[in-house]
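The values are calculated or read from the model by the stated rules, or taken from the named source; none is laboratory data. Keep in mind that this is a model prediction, so the values were computed, not measured. For neighbour counting, all protein chains shown are included, and Cβ atoms are generated from backbone atoms with ideal geometry for every residue, glycine included.
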2 protein chains.
Amino acid sequence: MDWHDVLKSLVEKNDRKILLLVADGLGGLPLEPGGKTELETARTPNLDRLAQEGTLGMSIPVKPGITPGSGPGHLGLFGYDPLRFLIGRGALEATGIGFHLEEHDVAARGNFCTLDAQGNITDRRAGRIPTEECVRLVEKLRTIRLPGVELFVEPVREHRFVLVLRGEGLGDAVNDTDPQATGVPPLEARGADPPSQRTAELVNQFVAQARQLLAEEPQANGLTLRGFSARPKLPSYEELYGLRAAAIAVYPMYRGLARLVGMELLGQPQSLEDQLKLLRENWDRYDFFFIHYKYTDSTGEDGNFQAKVQKIEELDAALPQITALEPAVLIVTGDHSTPCKLRSHSWHPVPVLLWADSCRTDPCQSFGETEALRGGLGQFEAQYLMPLALAHAGRLGKYGA
Amino acid sequence: MDWHDVLKSLVEKNDRKILLLVADGLGGLPLEPGGKTELETARTPNLDRLAQEGTLGMSIPVKPGITPGSGPGHLGLFGYDPLRFLIGRGALEATGIGFHLEEHDVAARGNFCTLDAQGNITDRRAGRIPTEECVRLVEKLRTIRLPGVELFVEPVREHRFVLVLRGEGLGDAVNDTDPQATGVPPLEARGADPPSQRTAELVNQFVAQARQLLAEEPQANGLTLRGFSARPKLPSYEELYGLRAAAIAVYPMYRGLARLVGMELLGQPQSLEDQLKLLRENWDRYDFFFIHYKYTDSTGEDGNFQAKVQKIEELDAALPQITALEPAVLIVTGDHSTPCKLRSHSWHPVPVLLWADSCRTDPCQSFGETEALRGGLGQFEAQYLMPLALAHAGRLGKYGA
């Protein structure tokens, strides 16, 4: 039996609220063997109290050893097996700039490039033109019209942009036109099935018109496209869990991921303080809240151990504002680890704190990686966090009699 | 490769006996954060000694967050993935009253209901007639004869009964005839494929004859049927594990579940003392014994913490009678948790005690939930308990050369 069908069949509704607080890249590493991680170094009296009353565990974002990007990392936390539910490169790039993909969209990542007189690529990134240049060139491309489809061209950064085709009967089995080499021309687009072939023909028309519009540009006189992908088919939070879900996130990527699973986006917060204000204002209107806190990841990527510690302490200081709302289930975790020592996302399991009245308490006395190893939730794949959340909220009925 | 095929290919026979003692709903919760569970509160010197010598762990009945009924809970312990091997509602109801389903049976749950003069349902449960009334009405229905099939009608409780059709070429893809509403008539049965269509036609004939037989009844003058299901296809203990298996259980549900996997039922015990006597008497005749102890679940459902503690202590006191028989592998666990705090089955992992001469001992000093968190078996899905049992009994050969 399909796992999501099982879940759906068990869902019961009540008024108990679930709050998922994702501190991006929360998991860390000690700088020296035997030392403390960022989370263990931080003074976190509020998290520690919740850890004493609740249950800890370790979340494996995808599978042991697999380092996830933000897409799979969040899909896992949201309850979608990241190996089964894939977000194509183009769709993820569009999502990451806050573009709301619709059902019949096909998205691709675009690169401006430099072509010589023979049409061969001399620079695959057009000298990394500044973002303002990218914006100007995208305006040009927006004048292109193609029969039967709506087109969207969105600047990303430097030489990168997003192309979205919207219309019935499109397909995304289209090859990359980037040959991944210089001295050769961009490839023709071809489709592997009839809808994709139609899409490829439209893409080739787009490229031909773009070449004319860009012909006089000194650097960015060509373009390549890759990662063609449709909007991923993800059952929504409402369908899957019967939850009216809201997302309170600052950055476009996480807002986009939340929208893909049917969460409503609340406001345009610029800070954690804004986020908490939105949470209070909307508390009565939703069953589930996803709050995304970015700074534990960015300080990890910077390799700034002290800054990450401080960002964790700032989050801890804000917790009483959340617990004051009395969620039935409060979860604090990350979508992956971002150890300062590695200055990047990593595969290490992520500490999870689950607080609820129905928790089986465990011996854990504080919130940290070593302590979480003896937590009652054990080590588990992130995709099971939502079932655990629902269960602790009394929102999952019995399987079988 | 199919997991059960792997297991089958590895099975070796010897004379080492395995005993699985299931304390139903064993896992619990502390009443207050940081407190002790029922099992941790109970004085269990015998279990504690076994815990010191053996290995502990935590069993996840189905998947994290999923609360199982008795069916999936036991299928997991017996080594059948509860998401793959489903027992339909009708088949489980028949099993639960000790009806032995055969290969060509289709079972359904029946409700007596009250119909008005137009044949519309006015009470879906016929005023919850007393069980004696149900028995009397079932006697009437037993006079019904249909061509080509054998019929069984069995009372359950109050307005509930079980209908079983036995014969070649039946199917269970038949809709519920209960419209789940009053003011409308029961639905016609329809089949989704030819064998099920034949079954549906027989069911409609049965209902028509029953209507005549019940016409003069003041309350229970109609009936509805739901949960049509065939006997689940479960490879037997003999096929799968090469084990001659016996079940010693008091209650019909667990006797029925054991029979579905090919265990032989020993006697008609009425108490733990009866069960232990049957165990001694039959010790030489089987390789595997399943003993079911109900009272840890019923006291949990009652929310009676002290009573559950006492039932655990009574079980502990009986253990020397079991160890005196010198099983090669002794397992004590539950099919799910039934915390008194929740007064119901729950999703929380269940402590497992596995004692064998081939155990790797772990630091655990007593049998309890917190202690089991640092047990050598870790947290694992219940379906892997039987392979662990076979391995510790030296009954599983090497996989691959």
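State all residues of the stretch B:98-121 that are charged (D, E, K, R), in a strand (DSSP E or B) and under 30 Å from B:P218 (Cα atoms); if no residue qualifies, say none. Let's see the steps before the verdict.
Restricting attention to the stretch B:98-121, the residues satisfying the condition of being charged (D, E, K, R) are B:102-103, B:105, B:109, B:116.
Keeping just the survivors that are in a strand (DSSP E or B) gives B:105, B:109.
The one that is charged (D, E, K, R), in a strand (DSSP E or B) and under 30 Å from B:P218 (Cα atoms): B:R109.
Six or more apart or on different chains, Cβ atoms under 7 Å: show the pairs whose first residue is in the stretch B:63-75 and at the interface with chain A (Cβ under 7 Å from one of its Cβ atoms) and whose second is assigned to a loop (DSSP other than H, G, I, E, B) and among the β-branched types (V, I, T).
B:P68/B:V62; B:G71/B:I87; B:P72/B:V62
Please indicate, with yes or no, whether at least one residue in the stretch B:57-65 is among the aliphatic types (A, V, I, L, M), outside any helix (DSSP H, G or I) and under 23 Å from B:A307 (Cα atoms).
Checking the stretch B:57-65: not a single residue is among the aliphatic types (A, V, I, L, M), outside any helix (DSSP H, G or I) and under 23 Å from B:A307 (Cα atoms).
Just checking, how many residues over the stretch B:21-34 are out of contact with any Cys (no Cβ under 9 Å at 6 or more places or on another chain), in a loop (DSSP other than H, G, I, E, B) and either hydrophobic (A, V, I, L, M, F, W, C) or at pLDDT 95 or above (or both)?
3
Take the conditions among the hydroxyl-bearing types (S, T, Y), surrounded by fewer than 23 Cβ atoms within 10 Å (Cβ to Cβ), in contact (Cβ under 8 Å) with a residue 40 or more places away in the chain and within 11 Å of chain A (Cβ to nearest Cβ) and apply them to B:T361. Does it pass?
For B:T361, the condition - among the hydroxyl-bearing types (S, T, Y), surrounded by fewer than 23 Cβ atoms within 10 Å (Cβ to Cβ), in contact (Cβ under 8 Å) with a residue 40 or more places away in the chain and within 11 Å of chain A (Cβ to nearest Cβ) - is not met.
Give just the number: which of (1) away from chain B (no Cβ under 14 Å); (2) under 30 Å from A:R84 (Cβ atoms); (3) under 22 Å from the mean Cα position of the chain (by Cα) does A:K311 not satisfy?
All conditions are met except number (2).
Residue-wise test of (1) under 12 Å from A:F228 (Cα atoms); (2) buried (at least 21 other Cβ atoms within 10 Å of the Cβ).
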{"residue": "A:C134", "(1), (2)": "no, yes"}
{"residue": "A:E150", "(1), (2)": "no, no"}
{"residue": "A:R157", "(1), (2)": "no, no"}
{"residue": "A:G171", "(1), (2)": "yes, no"}
{"residue": "A:V174", "(1), (2)": "yes, yes"}
{"residue": "A:G183", "(1), (2)": "no, no"}
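Scanning for something assigned to a loop (DSSP other than H, G, I, E, B) and at pLDDT below 95, does the stretch A:380-400 turn up at least one residue?
There is at least one residue in the stretch A:380-400 that is assigned to a loop (DSSP other than H, G, I, E, B) and at pLDDT below 95.
Given the criteria touching a residue at least 60 places away in the same chain (Cβ under 8 Å) and out of contact with any Ser or Thr (no Cβ under 9 Å at 6 or more places or on another chain), does A:L234 qualify?
Spelling it out, A:L234 is indeed touching a residue at least 60 places away in the same chain (Cβ under 8 Å) and out of contact with any Ser or Thr (no Cβ under 9 Å at 6 or more places or on another chain).
It is to be established whether one or more residues within the stretch B:88-97 are away from chain A (no Cβ under 14 Å) and either outside any helix (DSSP H, G or I) or among the basic types (K, R) (or both).
Let us first name the residues in the stretch B:88-97 that are away from chain A (no Cβ under 14 Å), namely none.
Within the stretch B:88-97, not a single residue is away from chain A (no Cβ under 14 Å) and either outside any helix (DSSP H, G or I) or among the basic types (K, R) (or both).
Just checking, which of A:I60, A:I18 is within 14 Å of chain B (Cβ to nearest Cβ), among the hydrophobic types (A, V, I, L, M, F, W, C), within 21 Å of A:M263 (Cα to Cα) and surrounded by 19 or more Cβ atoms within 10 Å (Cβ to Cβ)?
A:I18
Could you tell me whether the stretch B:267-276 includes any residue that is in contact with a Lys or Arg (Cβ under 6 Å, 6 or more places away or on another chain), within 30 Å of B:R109 (Cβ to Cβ) and surrounded by fewer than 23 Cβ atoms within 10 Å (Cβ to Cβ)? Full working, then the answer.
Step one: filter the stretch B:267-276 for residues in contact with a Lys or Arg (Cβ under 6 Å, 6 or more places away or on another chain), giving none.
No.
Filter the stretch B:133-153 for residues that are farther than 18 Å from B:G169 by Cβ, touching a residue at least 12 places away in the same chain (Cβ under 8 Å) and either outside any loop (DSSP other than H, G, I, E, B) or among the aliphatic types (A, V, I, L, M) (or both) and give the result.
Correct list: B:E133, B:C134, B:V135, B:L137, B:V138, B:K140, B:L141, B:I144, B:V153.
If B:F161 passes every condition in (1) assigned to a strand (DSSP E or B); (2) touching a Gly at 6+ places or on another chain (Cβ under 6 Å); (3) within 14 Å of another protein chain (Cβ to nearest Cβ); (4) farther than 30 Å from A:G79 by Cα but one, which one does it miss?
(3)
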